[in-house]
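The values are calculated or read from the model by the stated rules, or taken from the named source; none is laboratory data. Since this is a predicted model, take the numbers as computed values, not measurements. When we count neighbours, we look across all protein chains shown, and the Cβ atoms used for this are built from the backbone with ideal geometry, even at glycine.
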Amino acid sequence: MNSTHYSARGRVTISEVAKAAGVSKATVSRYMGADRQLLADATARRIEEVVQRLGYRPNRMASALKHGRTGLIGLLLADIRNPYSVAVMHGVETACRQHGYSLVVCNTAYDDDLEHAQLQALQSYNVDGLIVHTLGHQARTLADLAQELPMVLIDRQVQGLEVDMVGLDNLQAIEQALDHLQDSGYQDLLCISEPLDGTSSRHERVSAFTAAVAKRPGLRGQVLEVNPRLAQQLDRFVADKGHGPKALLTCNGVATLEAMRVLNIRPEPLFTELGLLAIDELDWYPLVGSGISALAQPTGEIGAAAFACLLERLQGSRLPARRLDLPAQLIRRGSSYRQV
């Protein structure tokens, strides 16, 4: 009997595997599950040969109904096109695969209604747990879901939601940024952020910047949000003399891109009149002028750590909710060194 015979009349069943291997269905089920090590080596080899010859594929959903687990982890991303999201997703997916889980990814495209719908969809898939990079406007929906299944937040805290959160150590990143810019001789800084819009990580970076500048004698700092008038506002910043050498600190990759759109239309060569240090490390940074200095987020580690937290919860941990802040790494390039 060969696999062609079986496939001609449909999916191979566990009963057919058991009959061909001369064992019970329970033994085949044990072989396909976590108790494989309990079988005799000869029995396991015989079942393996039959499984491969017949092309048997276990019905994971049926197993899920029986054992109460699907082996699926849900990942909700605010914007799957963002390089940060892609890198975090890779970290989560790699960790899932290493532990026998599969990943279901949903994208909200920065749309609140779509985020609500995607959270409901993930719930309907009976995922075992959720990792969420939220827009921050679905606190009630997220709180209700957190009562039903384990959840971990990435990058963005949601007020009143007592679940684990993994992200960048924003306070450390800002202090590291200011140390580097001051050491490079800059005294007048402009922090550029995406619109705050209730996003906790953006608020943290801007607040940390304002507080850190206030504690550093001789340093002046201002904050701008990305907007259609950014070019004119940057012109005013450059024209305001008397506060020493000037530099920009961009709070993420989107803010860096918007700043570079403006800098590229200015008449002076890049990074001569204005220094630049970016939070986030993107592939195109080394290709711009003398290179854009960056504080790289450990995105892959953030994804892996988020899954590790979720796995602990899946395994029964009832410890209080915690926050894991991972450090940034400074990558020095020409944009943050004064050209005198």
- request: Go over the candidates Arg333, Arg266, Arg338 one by one and state the one that is at pLDDT 95 or above and among the basic types (Lys, Arg).
  value: Arg333
- request: Could you tell me whether any residue of the stretch 205-214 is among the hydroxyl-bearing types (Ser, Thr, Tyr), outside any helix (DSSP H, G or I) and not assigned by TED's automatic domain parsing to the domain that holds Thr134?
  value: no
query: With the stretch 80-184 as the region, which helices (runs of 4 or more DSSP H) entirely inside it contain at least 3 residues that are touching a helix residue (DSSP H, G or I) at 6+ places or on another chain (Cβ under 8 Å), aromatic (Phe, Trp, Tyr) and more than 13 Å from Phe307 (Cβ to Cβ)?
result: none
message: Would you confirm, using the coordinates I've provided, whether Thr299 is over 16 Å from the mean Cα position of the chain (by Cα) and either within 28 Å of Val213 (Cβ to Cβ) or of a type in the set (Asp, Glu) (or both)?
response: no
- prompt: Which one of the conditions (1) closer than 25 Å to Ser290 by Cα; (2) modelled with pLDDT of 95 or more; (3) not polar (S, T, N, Q) does Ala214 fail to meet, given that it meets all the rest?
  reply: (1)
- prompt: Inside the stretch 16-42, can you point out the residues that are over 21 Å from Gly71 (Cβ atoms) and surrounded by fewer than 16 Cβ atoms within 10 Å (Cβ to Cβ)?
  reply: Lys19, Gly22, Ser24, Ala40, Asp41, Ala42
- prompt: Out of the stretch 56-79, which residues are in a loop (DSSP other than H, G, I, E, B) and either buried (at least 18 other Cβ atoms within 10 Å of the Cβ) or modelled with pLDDT of 85 or more (or both)?
  reply: Tyr56, Thr70, Gly71, Ala78, Asp79
